Amino acid sequence: MKYYSTRDKSVSLSAAEAVKMGLSRDGGLLTPEQIPQIDRSFLESLISMDYAQRAAKVMALYLTDYTEEELLTFGHNAYGPEKFDDPAAAPVRKVEDGTYCLELWHGPTSAFKDMALQMLPQLLSAALRKTGEKRTACILVATSGDTGKGALEGFKDVKGTRILVFYPKDGVSAVQELQMVTQEGDNVGVASVVGNFDDAQTGVKEIFAACKDKDLHGAMLSSANSINIGRLAPQVVYYFRAYGDLVKSGRIRLGDVVDYTVPTGNFGDILAGYFARQMGLPVGRLICASNANDVLTEFLTTGRYDKRRPFYKTTSPSMDILVSSNLERLLYLVSQDASCVERLMRELNTQGWYQVSGWMLERLRAVFGCGCCDDAGAAEVIGRVWREHKYLCDPHTAVAWAVAEKHTREGVPMVVLSTASPYKFPAAVLHALGEASGDDEFAMMEQLHALTGMDIPKNLRGLEGRPVLHTDVIDKDAMLDYVLSDVLK
Ligand SMILES: *Cc1c(COP(=O)(O)O)cnc(C)c1O
């Protein structure tokens, strides 16, 4: 399988090279030349497998420089009991008739990023070996909250790598921040950026561009953001997982169509669902759920992507995004036209918006539904779903739940992707349950536990009293210098 840049069809890389580079040198996203196809017997064979086996089987179709045995070893390392607190790794819970939550937050940082970020460092490490790379891979990460910690956990002390994480100062939850600034490991760095997530993400993209032809003294830059194909491939797996489990439990028959609703920020999670669908998994519609930052709702309704709008800080900070990077891959897959994508991305950069053609919008809308839900709506859902079903969801999942309710089709099961533990956002969740809260995050976790009886994830409980190891605060224009002084030192 070769990987092309979404902006330049003449770029052609192996899977290992694509994982190593993260982003194409022209700024485009590396995308498989074609989407691998599966048949009924492939799907049938997955049903009896555990998570690691399914991961190896599905990922092997994309990452053809890796053997299935290699991927299986990575899978056991990534999703085993030392890392995940549920033997299923990503369990499917029935919440009400026909509606299920696919819980993607049982990993070491209690958010869905672990599903991919426990895998990516192993893929990257192997890619450095496979491509004979001698330089240190310096991983740059811009995070809206969850990617940063997920990447730090995945990459800490991984040989041949250094990782630098940038998060928006005042733009992540208190627990998220604490998770990052207490990170241990000899190869890790964390800084907050004065700005929002898009500033941090743009900063990282600009660093890649500025360093393209620079001698970095034995270092090379790579990315752990969801633009890396090594993150997308592991995310395809859990769409199969959910489907297989619904078949296994007798809730659907093999071949029945299932819809999925995905709380969306950078469009990585839902794009993996699109890959699964195009591979041949019986996915009906993919519903893209946004919070008050509803740029994708507008886009999937009108075909116009306009980032010139107010940026809202919400109770679902991991979705507070105006520029959804992975959308570029979808535009490429639908148009198969790199020069068209290059033009649209240039327009987004220079004028702040672009408009896709009518036929492209039609093809998008044939698969994707969309909707948005503000903080009050998400809080209403958290309270109601708890009262009616004794199921506790975090604000991101609640946004998806609210949007899913508007898109449920008669006779078609709906799987809502649940992307974070409610304990990661205890203040918002307590508030939604009508409880007063103080300002101590750990007291709030205990309060939530007393109220619901749900276990507090070990990793979050363990944060209390940990020393703060990272205190750098930098201006968004200083990110390049920060990275250079780090890698060149
Ligand atoms: C990252 C994240 C999302 C958004 O996922 P994308 O792949 O960026 O669309 C949603 N919920 C949570 C909790 C997240 O951490």
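Cα centroid separation, the stretch 274-351 to the stretch 144-222: 23 Å. Panel values: the stretch 182-268, Kirkwood radius from alpha carbon pairs, Stokes-Einstein at 25 °C and 0.890 mPa s, translational diffusion coefficient 143 µm²/s. With a simple spin-label model that places each label point 7 Å from the Cα along the Cα-to-Cβ direction, the separation between K489 and W359 comes to 5.5 nm. Phi angles across the stretch 170-183 convert, under the Karplus curve 6.51 cos²θ - 1.76 cosθ + 1.60 with θ = phi - 60°, into 3J(HN,Hα) values of 6, x, 10, 6, 4, 5, 4, 5, 4, 4, 7, 6, 9, 5 Hz, Gly and Pro given as x. Treating the stretch 1-118 as a set of equal point scatterers at the Cα positions, no solvent, please give the Debye-formula log₁₀ I(q)/I(0) at q = 0.11, 0.17, 0.21 Å⁻¹. These q points yield log10 I(q)/I(0) values of -0.48, -1.00, -1.19.
Sorting the segments 268-276, 77-85, 32-40 by their residues' average number of neighbouring beta-carbon atoms within 10 angstrom, most packed first, yields 268-276, 77-85, 32-40.
At an R0 of 51 angstrom, the distance between the Cβ atoms of E69 and V468 translates into a FRET efficiency of 0.75.
Averaging 1/r over every pair of different alpha carbons in the stretch 287-370 and inverting the result gives a Kirkwood radius of 13.2 Å. Peptides 47-58, 210-221, ordered by how many other C-beta atoms sit within 10 Å of their residues on average, highest first, read 47-58, 210-221. One chain, two ends: T131 and K159. Fully extended at 0.36 nm per residue, the span grows by 8.5 nm beyond their Cα-Cα distance. With all projection directions averaged, the alpha carbon convex hull of the stretch 184-339 covers 13.2 nm². Using R0 = 30 Å, the C-beta based FRET efficiency linking V194 and A443 works out to 0.55. As a proxy for reagent exposure, ranking M21, M454, M345 by other Cβ atoms within 10 Å from fewest up yields M454, M345, M21.
For the peptides 258-264, 193-199, the ranking by packing is 258-264, 193-199, with the highest mean count of neighbouring Cβ atoms within 10 Å listed first.
Shape analysis of the chain based on the Cα gyration tensor places the equivalent ellipsoid semi-axes at 30, 27, 23 Å, largest first. Computed from the C-beta positions of Y312 and R384, the FRET efficiency with R₀ = 22 Å rounds to 0.45. With the convex hull drawn around the C-alpha atoms of the stretch 53-104, the volume per residue stands at 85 Å³.
Over all directions, the projected convex hull of the C-alpha atoms in the stretch 330-489 averages 15.5 nm² in area. Here the extension length gained between S339 and H76 equals 90.6 nm, from 0.36 nm per residue of separation less the Cα-Cα distance. Scaled to the globular estimate 2.2 N^0.38 Å, the Cα spread of the stretch 44-173, given as radius of gyration, is 1.15. I want to check a number: in the stretch 373-479, how many lysine pairs have alpha carbons closer than 29 Å, given a sequence separation of 8 or more or different chains? Close lysine pairs under the 29 Å cut-off: 6. Quick one: net charge of M115's neighbours, Cβ under 10 Å, K/R +1, D/E -1? For residues surrounding M115, the net value is +1. Residue-normalised convex hull volume from the C-alpha trace of the stretch 442-489: 132 Å³ per residue. Taking every DSSP helix (H) stretch of at least 4 residues in the chain, weighting each as -39,500 (n - 2.57) and dividing the sum by the residue count yields a mean residue ellipticity at 222 nm of -13000 deg cm²/dmol. Evaluating kT/(6 pi eta Rh) at 20 °C and 1.002 mPa s, with the Kirkwood radius of the stretch 126-213 over Cα pairs in the Stokes-Einstein relation, gives 158 µm² s⁻¹.
3J(HN,Hα) along the stretch 379-384: 5, 4, 5, 4, x, 5 Hz, from the Karplus curve 6.51 cos²θ - 1.76 cosθ + 1.60 with θ = phi - 60°, whole Hz, x for Gly and Pro. Near the amide H of S222, within less than 5 Å, lie the amide hydrogens of C138, I139, L140, all on another chain or at least 5 residues away, with H placed in the peptide plane.
Extending 7 Å from Cα along the Cβ direction at A376 and again at R93 yields two label points whose distance is 2.8 nm.
Where a number appears in this text, it was derived from the coordinates with a stated rule and is not lab data. In this text, all values refer to a predicted model and were calculated from it rather than measured experimentally. Quick reminder, even Gly has a Cβ in these numbers, built from the backbone with ideal geometry, and neighbours come from all protein chains shown.
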